[in-house]
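Trainee: Input: one structure, supplied below.
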């Protein structure tokens with residue numbers, strides 16, 4: 001089965017700087033096959049047996065922790081799960097809109113809280129407008145200061161679980177790579 005792992009805070013803002021070849025080696029050592037990375041920020045496509053997903057995630061986290069000195073947080077999705085997120089109806093409504101950035105937050109586990117959506121953060125110019133269990137859709141508009149807000153704080157605080165976030169363009173690109181393989 002094909003999986004995609006989204007690593008949290010790898011090669012972003014000077015945090016957990018690591019070569020992607022070393023990350024790929026860690027995945028192979030954890031029992032993964034056909035491992036390939038996409039972009040330097042911790043996106044890994046790999047194959048592994050469909051059974052034992054939880055144990056596989058644990059082995060991956062252990063190998064990565066040994067590599068970078070701490071557990072970076074890993075969110076694993078199947079190819080089908082990623083395809084569903086990339087094709088989510090709410091995303092199409094905003095795709096191509098000016099001054100809008102779309103994000104997908106991959107939650108590291110089952111949410112501790114299920115907030116009433118949509119949820120808005122006026123200061124950050126964010127709107128959390130859909131949740132599909134362990135995946136959250138976020139729209140970001142330009143704030144008064146002209147910058148786009150950061151969705152990390154609102155997602156983790158609201159859902160009570162660690163998350164890693166990717167731009168929809170990145171998620172769509174990875175989904176296309178997986179579909180073409």
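The values are calculated or read from the model by the stated rules, or taken from the named source; none is laboratory data. Not measured: the values here are computed from a predicted model. All Cβ positions, even for glycine, are placed from backbone atoms using ideal geometry, and neighbour counts span all protein chains on display.
Trainee: Considering only region 69-83, how many residues are surrounded by 14 or more Cβ atoms within 10 Å (Cβ to Cβ) and at pLDDT 85 or above?
Mentor: Total satisfying the criteria: 10.
Trainee: Could you list all residues from region 123-139 that are surrounded by 19 or more Cβ atoms within 10 Å (Cβ to Cβ) and either free of Cβ contacts under 8 Å to residues at least 24 places away in the same chain or closer than 24 Å to residue 76 by Cα (or both)?
Mentor: Within region 123-139, 127, 128, 131, 134, 135, 136, 137, 138, 139 meet the criteria.
Trainee: Right, here's the next one. Mind listing just one residue for me: the one in region 23-49 that is within 17 Å of the chain's Cα centre (by Cα) and part of a loop (DSSP other than H, G, I, E, B) and, of those, surrounded by the most Cβ atoms within 10 Å (Cβ to Cβ)?
Mentor: Among residues in region 23-49 that are within 17 Å of the chain's Cα centre (by Cα) and part of a loop (DSSP other than H, G, I, E, B), the one surrounded by the most Cβ atoms within 10 Å (Cβ to Cβ) is 42.
Trainee: Any residue in region 101-109 that is touching a residue at least 60 places away in the same chain (Cβ under 8 Å) and assigned to a helix (DSSP H, G or I)? Step through it out loud before you land on a result.
Mentor: Just the residues of region 101-109 that are touching a residue at least 60 places away in the same chain (Cβ under 8 Å), to begin with: 101-106, 108.
If we keep only those that are assigned to a helix (DSSP H, G or I) as well, we get none.
Checked region 101-109: no residue is touching a residue at least 60 places away in the same chain (Cβ under 8 Å) and assigned to a helix (DSSP H, G or I).
Trainee: Among the residues that make up region 101-113, is at least one of them at pLDDT below 90, crowded, with 16+ Cβ neighbours inside 10 Å and not assigned by TED's automatic domain parsing to the domain that holds residue 169?
Mentor: Taking every residue of region 101-113 in turn, none turns out to be at pLDDT below 90, crowded, with 16+ Cβ neighbours inside 10 Å and not assigned by TED's automatic domain parsing to the domain that holds residue 169.
Trainee: Then there's this: For residues in region 126-172 being in contact with a helix residue (DSSP H, G or I) (Cβ under 9 Å, 6 or more places away or on another chain) and in a helix (DSSP H, G or I), which is modelled with the highest pLDDT?
Mentor: Per the criteria, the residue is 171.
Trainee: So in region 50-90, with the set limited to residues that are touching a helix residue (DSSP H, G or I) at 6+ places or on another chain (Cβ under 7 Å) and not in a helix (DSSP H, G or I), which one is nearest to residue 164 (Cα to Cα)?
Mentor: Top of the filtered list is 74.
Trainee: Sticking with this one: For residue 159, all conditions in the list (1) over 30 Å from residue 36 (Cα atoms); (2) over 16 Å from the mean Cα position of the chain (by Cα) hold save one; what is the number of the exception?
Mentor: (2)
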